[in-house]
Amino acid sequence: MVNVFDIEVQARPDVFKQKEQENSVLQEKEEIEKNETIYDRTSFMTTFSTDAYLEDFYTKVEDPAMQMVLKFLPLIACRIGSIDRLLDFGAGPTIHVAATFRDYAKELHLADYLPQNREELIAWKENRSRFDWSTPLKMILTQEGSAWEQLQEMITRTRNKVHGIYHCDCFQNPSVDCPSHLHGTFDVGITYFHLITIPFHLGDRDYLLRGVLLQFVRGVQECHQKHCWSNQEWR
Ligand SMILES: C[S@@+](CC[C@H](N)C(=O)[O-])C[C@H]1O[C@@H](n2cnc3c(N)ncnc32)[C@H](O)[C@@H]1O
């Protein structure tokens, strides 16, 4: 008995080849997915390598997404203008956001979930980090139209403006372990590559957004309070 597909193959060998290719791509994808490790909150805590993250994404800055961030951040900072307090939520071990806002914010605050990342941030603040930030920082200077000779001044100015490095957890409220008088007083909250990475690994996107947003402008905090008082679901 001849089946319909055989007839199609006889008539269209190109179709058969295409189907074969599609199948092998599918198999390859399944194989990769089978070998992929899905981290939960506990394993993520120990397996995330701060050094490897910095090395992979911030040494040569070849990743197009990183290049895009470094290209647009200076424009965003310039458009926002002068502010009192900036919070980089989920900063990881990175200081490029802080550096971009060095001339606009009076105070820079950094928060991250992982102790190894916070340790790197503290090391950077205390001038004992071994990581060289020259490439990304020069990209920011270029975007600003500033000379590369200003690199050292940029670093010193950023260091002096970093007022706090805190633990944060978007699933908690408050989501940042900063002194209580700072809660909800940040004028601008930045979170890069945070919303896209965590939900897949760590769960509920609503919680993440709520945790991030609650730390920001007073308006969000007030809105949250109203919802709490009226016993409404937070959306
Ligand atoms: C991909 S890194 C992004 C780092 C940095 N913002 C950047 O642009 O390179 C994501 C960060 O989210 C943090 N993170 C993981 N779980 C978190 C949670 N529950 N609450 C807040 N941050 C979390 C991790 O510690 C990690 O540093």
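Quick rundown of the values:
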| item | result |
| --- | --- |
| The range 107-119 - phi-based ³J(HN,Hα) in whole Hz, Karplus 6.51/-1.76/1.60, Gly and Pro as x | 10, 10, 10, 10, 9, 8, 6, 8, x, 5, 6, 5, 4 |
| Ranking of Cys78, Cys168 by count of other Cβ atoms within 10 Å, fewest first | Cys78, Cys168 |
| Length gained when the stretch Gln67-Gln21 is fully extended (0.36 nm per residue, less Cα-Cα span) | 13.2 nm |
| Under-5 Å amide H pairs with Thr94, H placed in peptide plane, nonlocal only | none |
| J(HN,Hα) series, the range 124-136, from Karplus relation 6.51 cos²θ - 1.76 cosθ + 1.60, nearest Hz, glycine and proline x | 5, 4, 8, 6, 10, 6, 8, 7, 9, 8, 3, 4, x |
| FRET efficiency estimate (nearest 0.05) - Cβ-Cβ, Arg79 to Arg128, R0 25 angstrom | 0.15 |
| Point-to-point label distance, Glu119-Glu28, nm (Cα→Cβ direction, 7 Å offset) | 3.9 nm |
| Hz values of 3J(HN,Hα) by residue in the range 150-159 - Karplus curve (6.51, -1.76, 1.60), Gly and Pro given as x | 7, 3, 5, 5, 4, 5, 4, 4, 5, 3 |
| For Tyr166, residues with placed amide H under 5 Å, excluding near neighbours | Leu110, Ala111, Asp112 |
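No lab work stands behind these numbers, since they all come straight from the coordinates. All values reported here derive from a predicted model rather than from experimental measurement. Please note: Cβ atoms are built from the backbone with ideal geometry, for glycine as well, and neighbour counts cover all protein chains shown.
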